[in-house]
Structure formats: structure tokens, C-alpha cells
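Novice: Just passing along the structure, written as C-alpha cells.
The values are calculated or read from the model by the stated rules, or taken from the named source; none is laboratory data. Since the model is a prediction, treat every value here as computed from it, not as a measurement. When we count neighbours, we look across all protein chains shown, and the Cβ atoms used for this are built from the backbone with ideal geometry, even at glycine.
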Amino acid sequence: MSEITLTNLKPAEGSTHKPKRKGRGIPSGHGKTSCRGHRGEGQRSGNKHKRGFEGGQTPAFRRLPKLKGFTSRNPIKTFSINVSDLNKLEETEISLDLLIEKGIAPKNTDYLRVLGKGQLEKALTVKALYFTPGAKEKINAAGGTTEVI
């Protein structure tokens, strides 16, 4: 086999086709109307549709409602837990890593938020990004501490 150079490169067998020769007589199969049909908009010269044109039917971009709002490409994933749910844990020091390890919080969570619903019955040290004022009050009242990370 000879060396491949730019002078002897050829396309693969069957990968290329002869171009359509329009308007070269009826025997060619592409003569007379030159593949445009007999009547209608597409048969005329200068036929150019606007982007999204659907033959006179109301186009999809006008039928569908406008999108409202904004979605961040990099959302901050927080996990919220109530004070009453902290009673179920046996540990005295609670952090996001512990909740992920126990399977309570999802693995892809970035931050922990503590909410004030319910009552706390034991002293805990809780490390989180945010505490609601009620949650902070209830944790401190039970003899625990809150640490903002």
C-alpha cells in the first residue's frame, strides 16, 4: 500500500454523490419545474421564509407562553432541618457532614439551615450556615450552642 499524501486522498466509497442538476430537461428527472412543484409560494423565485415560519399557521414561539423568572446555572443547595428533628439524633455535635453521613441530608448539599419548628429536649452544639431567630432561641434555652459557619 502506498503512502497517504494530500495528492492521493480520496473520499470513502459511497460517501459522495453527484449534485442534483436542476433545470436540465425532463429526462433528467429534475427538469421543467426544477424540483419546485407546480403552484404555491415555494414555486416562486425569491422564496425566503422568516425564521420560525410555519406556512401561515401561528408559529410555535407565539403559541407557547413566555418564560418568566430566572434559574441560576449554579444554584446553592441548602438543606433545612427543624429543631424537633434534631431530637432524633444521638450525637451532641451536629453539622452538615454528620447529616449527610447519616443519610438525612442529600449528598450534593452545600449548606445547612436550622428552622425553629418544634421543641428541643437536649443540649446540642449545632453548626450551620443559618439559624432562624426561633431556632437559635430554642437551642440556647435547651443548654446548647449555635455556631454559624
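Novice: Counting only residues that are loosely packed, with under 15 Cβ neighbours inside 10 Å and in contact with a strand residue (DSSP E or B) (Cβ under 8 Å, 6 or more places away or on another chain), how many does segment 83-103 have?
Specialist: 2
Novice: Something else: Quick check on my filter: what residues within segment 1-21 are touching a helix residue (DSSP H, G or I) at 6+ places or on another chain (Cβ under 8 Å) and within 29 Å of GLY55 (Cβ to Cβ)? Can you show your working first?
Specialist: First pass over segment 1-21, keeping only residues touching a helix residue (DSSP H, G or I) at 6+ places or on another chain (Cβ under 8 Å): 2, 21.
Correct list: ARG21 only.
Novice: Okay, moving on. Name the pairs whose Cβ atoms lie under 6 Å apart, with the first residue in segment 55-80 and free of Cβ contacts under 8 Å to residues at least 40 places away in the same chain, the second outside any loop (DSSP other than H, G, I, E, B) and surrounded by 10 or more Cβ atoms within 10 Å (Cβ to Cβ), and 6 or more positions between them or separate chains?
Specialist: PHE79/LEU112; SER80/ARG113; SER80/LEU115
Novice: Select from segment 15-26 the residues that are over 37 Å from the mean Cα position of the chain (by Cα) and assigned to a loop (DSSP other than H, G, I, E, B) and list them in ascending order.
Specialist: So in segment 15-26, the residues over 37 Å from the mean Cα position of the chain (by Cα) come out as 16-26.
Scanning segment 15-26 gives THR16, HIS17, LYS18, PRO19, LYS20, ARG21, LYS22, GLY23, ARG24, GLY25.
Novice: Could you say whether any residue in segment 72-82 is of a type in the set (Gly, Ala, Ser), surrounded by 10 or more Cβ atoms within 10 Å (Cβ to Cβ) and at pLDDT 90 or above? Please lay out each step first, then the result.
Specialist: In the first step, residues of segment 72-82 are kept if they are of a type in the set (Gly, Ala, Ser); the result is 72, 80.
In the following step, the residues that additionally are surrounded by 10 or more Cβ atoms within 10 Å (Cβ to Cβ) were identified as 80.
Among the residues that remain, those that are also at pLDDT 90 or above are: 80.
Yes, segment 72-82 contains a residue that is of a type in the set (Gly, Ala, Ser), surrounded by 10 or more Cβ atoms within 10 Å (Cβ to Cβ) and at pLDDT 90 or above.
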